[in-house]
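Asker: Sending over a structure as structure tokens; questions will come in a sec.
The values are calculated or read from the model by the stated rules, or taken from the named source; none is laboratory data. Not measured: the values here are computed from a predicted model. As a convention, Cβ positions derive from the backbone with ideal geometry for all residues, glycine included, and neighbour counts pool all protein chains shown. Accessible surface is based on the protein model in full, side chains and every heavy atom, while ligands, DNA and RNA are left aside. Shrake-Rupley method; radii C 1.70, N 1.55, O 1.52, S 1.80 Å.
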Amino acid sequence: MALRPDLAIIAAAVPTGSRVLDVGCGDGELMAALKEQGVDARGLEIDPANVTAAIARGQSVVQGDANLSALFASLPFD
């Protein structure tokens, strides 16, 4: 399945080897595409159904809102 056009624009802008925190990652579609291009992507998502879908895609996701982004503060992201 092709990546949605809006997500394709984002994916094209992320260099291979980057580390990305996708806040509001949804079902992990963007993270899966980034992983295919050699990007280490982690996700933060509030909707439990989307978290389940992203995990089913093999993505690393934490359930919560942007206030939990502090959990990732010690990790280096680009």
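Asker: How large is the helix-only mean residue ellipticity at 222 nm for the chain, computed as the sum of -39500 (n - 2.57) over DSSP H runs with n ≥ 4, divided by its residue count, in deg cm²/dmol to the nearest 500?
Answerer: After summing the helix terms and dividing by residue count, I get -9500 deg cm²/dmol.
Asker: Next question, about the same structure. How would you classify the range 1-44 from its alpha-carbon gyration tensor, with a ≥ b ≥ c the square roots of the eigenvalues: rounded for a/c under 1.5, else prolate if a/b is greater than b/c, otherwise oblate?
Answerer: Because a/c hits 1.5 or more and a/b fails to exceed b/c, the range 1-44 counts as oblate.
Asker: Suppose all protein chains stay in the model; what accessible area per residue would a 1.4 Å probe give for the chain, in Å²?
Answerer: 58
Asker: For the chain, state the average projected area of the convex hull of the C-alpha atoms over all orientations, rounded to one decimal in nm².
Answerer: Spelled out: convex hull of the Cα atoms, projected over all directions, averaged, 4.9 nm².
Asker: Sticking with this structure for a sec: Just to check I understand the Karplus step: with θ = phi - 60° and J = 6.51 cos²θ - 1.76 cosθ + 1.60, what whole-Hz values come out for the range 42-54, glycine and proline as x?
Answerer: 10, x, 10, 9, 8, 7, x, 5, 5, 4, 4, 5, 5
Asker: Right, next: What does the charge count around Glu45 come to, taking other residues whose C-beta lies under 14 Å from its C-beta (Lys +1, Arg +1, Asp -1, Glu -1)?
Answerer: -3
Asker: Got a number for carbon plus sulfur as a percent of the chain's accessible area, 1.4 Å probe?
Answerer: Of all accessible area on the chain, carbon and sulfur atoms account for 59 percent.
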